[in-house]
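Everything below concerns the one structure shown next.
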């Protein structure tokens with residue numbers, strides 16, 4: 001885009017949801033701060049994710065879209081700010097309207113490569129490769145002269161949040177010296193969830209003898225899954241599902257030695273705070289562009305011919321088998337997870353070949 005110079009002082013980034021997508025914008029927010037060190041950078045997001053957006057590098061303020069707030073009211077709020085540039089990293093109807101009518105001097109919008117992903121999930125285009133979402137976000141900044149940037153995600157956890165988590169863990173009998181594994185068994189759809197009985201088996205392997213604490217995290221919608229895991233496991237699990245403010249989730253996962261997660265928001269949160277994560281992909285696939293990218297992060301997929309079968313993993317299995325997750329055995333997961341842990345201290349059997 002022509003006419004975008006270096007005299008930009010007010011920047012608005014728009015990404016309303018969801019948790020993982022917001023975390024994946026962090027390389028872009030960091031790159032903008034490096035490019036415009038004196039600018040005021042605001043982030044527009046749904047109110048439920050405001051505490052996460054506050055932890056993004058380079059962000060000075062967050063403008064929250066409240067659940068009951070009419071969008072016209074929110075648009076008026078944005079227009080009052082008169083931003084020099086609006087950077088749309090959502091590319092949905094509301095964010096596009098915000099970019100066009102938000103009274104920004106300039107607007108740039110990222111290309112979500114939706115058509116490429118749609119072709120990938122068809123049985124006729126499974127070999128098509130797409131770029132990681134982080135690359136797509138950063139490409140939107142090319143008109144600003146930002147063409148090379150660090151791709152690592154980042155959330156800046158504060159000392160108060162770390163202390164709150166430490167105090168709560170101590171109250172549960174887990175001190176600073178205790179090794180902790182995080183488990184995030186939820187996902188945006190039950191279709192994307194590895195079976196609860198398998199999570200329970202992993203917890204049992206790592207908790208016998210009880211040298212490792214197991215912390216289960218997730219949102220209110222994941223409570224039933226967490227309850228199943230706790231009831232099926234012989235381990236003494238610490239269940240914080242539905243009972244942890246989302247703003248404390250990064251601090252909780254930063255306390256873990258490693259995190260086992262479905263393809264979900266907590267997977268990206270763990271990676272962004274530097275905790276090695278093993279992400280489990282069933283109906284989705286790492287090549288769709290949402291794999292964790294930390295230097296120690298791992299992804300596991302059975303890479304079936306029918307995978308990926310949907311862009312967001314929210315469609316029922318058309319084969320009625322859920323083989324992509326049901327046949328992903330605890331042995332396979334334990335083998336990968338062992339790479340992220342000190343197996344001499346934590347495993348009770350030899351690592352799988």
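Is there a residue being buried (at least 17 other Cβ atoms within 10 Å of the Cβ) and either under 27 Å from residue 307 (Cα atoms) or touching a strand residue (DSSP E or B) at 6+ places or on another chain (Cβ under 7 Å) (or both) anywhere in the range 142-149? Can you show your working first?
Initially, the range 142-149 is screened for residues buried (at least 17 other Cβ atoms within 10 Å of the Cβ), giving 144, 146, 149.
Cutting the leftovers down to either under 27 Å from residue 307 (Cα atoms) or touching a strand residue (DSSP E or B) at 6+ places or on another chain (Cβ under 7 Å) (or both) gives us none.
No: zero hits.
Inside the range 270-323, can you point out the residues that are at positive phi, surrounded by fewer than 21 Cβ atoms within 10 Å (Cβ to Cβ) and in contact (Cβ under 8 Å) with a residue 12 or more places away in the chain? Explain how you work it out, then say what you get.
Keep residues of the range 270-323 that are at positive phi, which gives 274, 289, 303, 313, 320, 322.
Now restrict to residues that are surrounded by fewer than 21 Cβ atoms within 10 Å (Cβ to Cβ): 274, 303, 320, 322.
Of everything in the range 270-323, those that are at positive phi, surrounded by fewer than 21 Cβ atoms within 10 Å (Cβ to Cβ) and in contact (Cβ under 8 Å) with a residue 12 or more places away in the chain turn out to be 274, 303, 322.
Suppose we filter 260, 249, 280 for residues that are at pLDDT 95 or above, assigned to a helix (DSSP H, G or I) and either within 23 Å of residue 191 (Cα to Cα) or assigned by TED's automatic domain parsing to the domain that holds residue 314 (or both); which single one remains? I'd like the intermediate steps shown before the answer.
Values: 260 fails: assigned to a helix (DSSP H, G or I); 280 fails: assigned to a helix (DSSP H, G or I).
Sole residue among the options that is at pLDDT 95 or above, assigned to a helix (DSSP H, G or I) and either within 23 Å of residue 191 (Cα to Cα) or assigned by TED's automatic domain parsing to the domain that holds residue 314 (or both): 249.
Quick test of your reading of the structure: residue 236 fulfils all but one of (1) more than 17 Å from residue 152 (Cα to Cα); (2) out of contact with any helix residue (DSSP H, G or I) (no Cβ under 8 Å at 6 or more places or on another chain); (3) buried (at least 20 other Cβ atoms within 10 Å of the Cβ). Name the failing condition by number.
Only one criterion is unmet by residue 236, namely (3).
Keeping to the range 189-221, report how many residues are surrounded by fewer than 20 Cβ atoms within 10 Å (Cβ to Cβ) and in contact with a strand residue (DSSP E or B) (Cβ under 9 Å, 6 or more places away or on another chain).
Counting residues in the range 189-221 that are surrounded by fewer than 20 Cβ atoms within 10 Å (Cβ to Cβ) and in contact with a strand residue (DSSP E or B) (Cβ under 9 Å, 6 or more places away or on another chain) gives 1.
Determine whether the range 300-308 contains at least one residue that is at pLDDT 90 or above, closer than 24 Å to residue 135 by Cβ, over 19 Å from the mean Cα position of the chain (by Cα) and assigned by TED's automatic domain parsing to the domain that holds residue 272.
So far as the range 300-308 goes, yes, one or more of its residues are at pLDDT 90 or above, closer than 24 Å to residue 135 by Cβ, over 19 Å from the mean Cα position of the chain (by Cα) and assigned by TED's automatic domain parsing to the domain that holds residue 272.
Quickly run through the range 85-105 and pick out the residues that are part of a loop (DSSP other than H, G, I, E, B) and under 26 Å from the mean Cα position of the chain (by Cα). It would help to see each step written out before you state the result.
From the range 85-105, those part of a loop (DSSP other than H, G, I, E, B) are 89-92, 102-105; that's our starting set.
Of everything in the range 85-105, those that are part of a loop (DSSP other than H, G, I, E, B) and under 26 Å from the mean Cα position of the chain (by Cα) turn out to be 89, 90, 91, 92.
For the range 8-16, state whether one or more residues are assigned to a helix (DSSP H, G or I), more than 15 Å from the chain's Cα centre (by Cα) and not assigned by TED's automatic domain parsing to the domain that holds residue 272.
Going residue by residue through the range 8-16, those that are assigned to a helix (DSSP H, G or I) are none.
No: zero hits.
When the range 68-84 is examined, which residues are found to be over 13 Å from residue 44 (Cβ atoms) and either assigned to a loop (DSSP other than H, G, I, E, B) or within 27 Å of the chain's Cα centre (by Cα) (or both)?
The answer is 68, 70, 82, 84.
Those residues that are surrounded by fewer than 21 Cβ atoms within 10 Å (Cβ to Cβ) and in a strand (DSSP E or B), I need them from the range 43-58; list them, please.
46
How many residues, within the range 169-188, are free of Cβ contacts under 8 Å to residues at least 12 places away in the same chain and crowded, with 17+ Cβ neighbours inside 10 Å? Outline the logic, then answer.
Keep residues of the range 169-188 that are free of Cβ contacts under 8 Å to residues at least 12 places away in the same chain, which gives 170-171, 173, 175-177.
The next check asks that each one be crowded, with 17+ Cβ neighbours inside 10 Å; those that pass are none.
The number of residues fulfilling the criteria is 0.
The values are calculated or read from the model by the stated rules, or taken from the named source; none is laboratory data. This is a predicted model, so every value here is computed, not measured. Neighbour counts are summed over all protein chains in view; Cβ atoms, including those assigned to glycine, are modelled from backbone coordinates with ideal geometry.
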